[in-house]
Number of protein chains: 2
Amino acid sequence: MQRFKCKIAYDGSQFSGYQVQPSKRTVQSELENTLKKLHKGQEVKVYASGRTDAGVHAKGQVIHFDSPLTIPLERWIIALNSLLPNDIVVLEVEQVEDNFHARFQAKGKEYRYFVNLSNTRDPFQRNFSYHHPYKLDIQSMNDAAKYLLGSHDFTSFCSAKTEVEDKIREIRKIELIQQDTMLIFRFVGNGFLYNMVRIMVGTLIQVGSGQINPGSIKEIIEHKDRKYAGKTAPAEGLYLWEVYYD
Amino acid sequence: MQRFKCKIAYDGSQFSGYQVQPSKRTVQSELENTLKKLHKGQEVKVYASGRTDAGVHAKGQVIHFDSPLTIPLERWIIALNSLLPNDIVVLEVEQVEDNFHARFQAKGKEYRYFVNLSNTRDPFQRNFSYHHPYKLDIQSMNDAAKYLLGSHDFTSFCSAKTEVEDKIREIRKIELIQQDTMLIFRFVGNGFLYNMVRIMVGTLIQVGSGQINPGSIKEIIEHKDRKYAGKTAPAEGLYLWEVYYD
């Protein structure tokens, strides 16, 4: 048995999220079906750095799996990509130590969120960015973002359904980049809770719209209660951009 | 009754082409359904500059229709876009003379074709460009394209099913633009026959691959027979980019 680590990308719009669910089309089930074909019907379990929700995309998701096959590394990519559906692609394959784990050894992640500010909807962007045709005060949003930086208990910024106990996460970088009519949020942190990026983006958009005061972000964090933060921004704007390992 | 001209864009990937077909989702039927809603159930016929096939996109398709409604022009766009599905958008509306006709008065068109030359498939581009991960000799393709310029009988470059009698068309411009791994073809002409752009692209790609000699384009045109030209390039790379009027 050898352990393989893969970097993959997918267009999330036609998936019911990453994780296997009965009778739903998911990224994990497509990966496992493809590996099963390559292993003559034998089940191969795939482990990812974390789940992504329905409609959420990945530019750099990381997975690992074990295989007894002795295929040269450069053939792995070709074999996998020729069998995978065309909304998933394997970008890199490497052989790793037997104790490597895509989830438990992830040291950090980058997510990006794309907001299309143009007046008219773009039919080519409908699954790939959130259309928000209203003026935003970027300066207030940057001011507000500073309160999110660092280590905090992010209970207010995660879905109330979250079952994880430790809700302390460290955000290392938040950057807002404007390219023409596209506003791009970059979030780099040691980990993110369920819906955390989408709630931070939704809240920052409400700051930019003048509905939430930049300074009140500090209090929202201190409340440790989801109901104090802003709306959850829609899935289509979100991309798991990169996963960091040592 | 007033006549309205609209510039529209659509992502063709979820349509069975532009033209109405029984029990198929088409651009025309979505437009006519939307206008019917705005007209309290009354049928409104929509005329386009021309059809596009299943999977073909438009950045600047032009349509016209007649309406007795006295809505201010700037409200037309808002009303139409709020009712249209999100893979079609109205970009411009103007009131025109009663004798304006989107098809008969079109003086020319621009089509663009996008070829993704990168080694790995891009899941985000799967419906929006043709993935052709092979080396192309752009110089030979440019040489070949010169033979297509000007007025010719394009029988060899249109689907054998074409029922139009006059197959003479004038191509005013062919341009090949390389942007990173994307090769973009621009075709400007007074009109294009059924599948003509896709057959020209397919043929030029075979020239770039060394399968067809640039000089033999002249003979292919002279044969006036579809079987001498190259393959029809796939629909997903093609965009109706602009329609010209006086």
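With respect to the stated conditions, A:His64 is more than 14 Å from chain B (Cβ to nearest Cβ), more than 23 Å from B:Ser118 (Cα to Cα) and assigned to a strand (DSSP E or B). Of all residues in region B:132-148, those that are without any contact (Cβ under 8 Å) to a residue 24 or more places away in the chain have Cβ atoms under 7 Å from Cβ atoms of residues that are surrounded by 14 or more Cβ atoms within 10 Å (Cβ to Cβ) and of a type outside the set (Ser, Thr, Tyr), 6 or more apart or on another chain, in B:Pro133/B:Leu117.
Scanning region A:4-24 for residues that are surrounded by fewer than 19 Cβ atoms within 10 Å (Cβ to Cβ), farther than 19 Å from A:Lys109 by Cβ and away from every other protein chain (no Cβ under 14 Å) yields a total of 6. In this structure, is B:Arg103 in contact (Cβ under 8 Å) with a residue 24 or more places away in the chain, in contact with a Phe, Trp or Tyr (Cβ under 8 Å, 6 or more places away or on another chain), over 27 Å from B:Gln14 (Cα atoms) and away from chain A (no Cβ under 14 Å)? No: the conditions fail for B:Arg103. Among the residues of region B:204-212, are any buried (at least 16 other Cβ atoms within 10 Å of the Cβ), over 15 Å from B:Lys167 (Cα atoms) and free of Cβ contacts under 8 Å to residues at least 60 places away in the same chain? Yes, region B:204-212 contains a residue that is buried (at least 16 other Cβ atoms within 10 Å of the Cβ), over 15 Å from B:Lys167 (Cα atoms) and free of Cβ contacts under 8 Å to residues at least 60 places away in the same chain. Of the strands (runs of 3 or more DSSP E) that lie entirely inside region A:81-158, those containing 2 or more residues that are of a type in the set (Ser, Thr, Tyr) and buried (at least 21 other Cβ atoms within 10 Å of the Cβ) span A:108-116. Taking residues in region A:73-84 that are more than 11 Å from chain B (Cβ to nearest Cβ), and partners anywhere that are outside any helix (DSSP H, G or I) and at pLDDT below 95, the pairs with Cβ atoms closer than 7 Å and at least 6 places apart or on different chains are A:Ala79/A:Ile71.
A:Val164 meets each of the listed conditions (1) modelled with pLDDT of 95 or more; (2) under 26 Å from A:Asp225 (Cα atoms) apart from (1). Condition check for B:Met141 on (1) within 11 Å of chain A (Cβ to nearest Cβ); (2) touching a Leu at 6+ places or on another chain (Cβ under 6 Å); (3) hydrophobic (A, V, I, L, M, F, W, C): one failure, at (1).
Residues in region B:85-95 that are over 16 Å from A:Asp122 (Cβ atoms) and either of a type in the set (D, E, K, R) or away from every other protein chain (no Cβ under 14 Å) (or both): B:Glu94, B:Gln95.
Regarding region B:25-35, can at least one residue be identified that is assigned by TED's automatic domain parsing to the domain that holds B:Ile77 and not in a helix (DSSP H, G or I)?
Checked region B:25-35: at least one residue is assigned by TED's automatic domain parsing to the domain that holds B:Ile77 and not in a helix (DSSP H, G or I).
The residues listed here are B:Thr70, B:Thr52; of these, the one that is more than 14 Å from chain A (Cβ to nearest Cβ) and either farther than 23 Å from B:Trp241 by Cα or under 22 Å from the mean Cα position of the chain (by Cα) (or both) is B:Thr70. All conditions in (1) under 20 Å from the mean Cα position of the chain (by Cα); (2) within 14 Å of chain B (Cβ to nearest Cβ) hold for A:Asn119, with the sole exception of (1).
The set of residues in region A:213-246 being surrounded by fewer than 23 Cβ atoms within 10 Å (Cβ to Cβ) and among the hydroxyl-bearing types (Ser, Thr, Tyr) consists of A:Ser216, A:Tyr228, A:Thr232, A:Tyr244, A:Tyr245.
The values are calculated or read from the model by the stated rules, or taken from the named source; none is laboratory data. As the structure is a computational prediction, the values presented were derived from the model and not from experiment. Neighbour counts run over all protein chains shown; Cβ positions are idealised from the backbone, glycine included.
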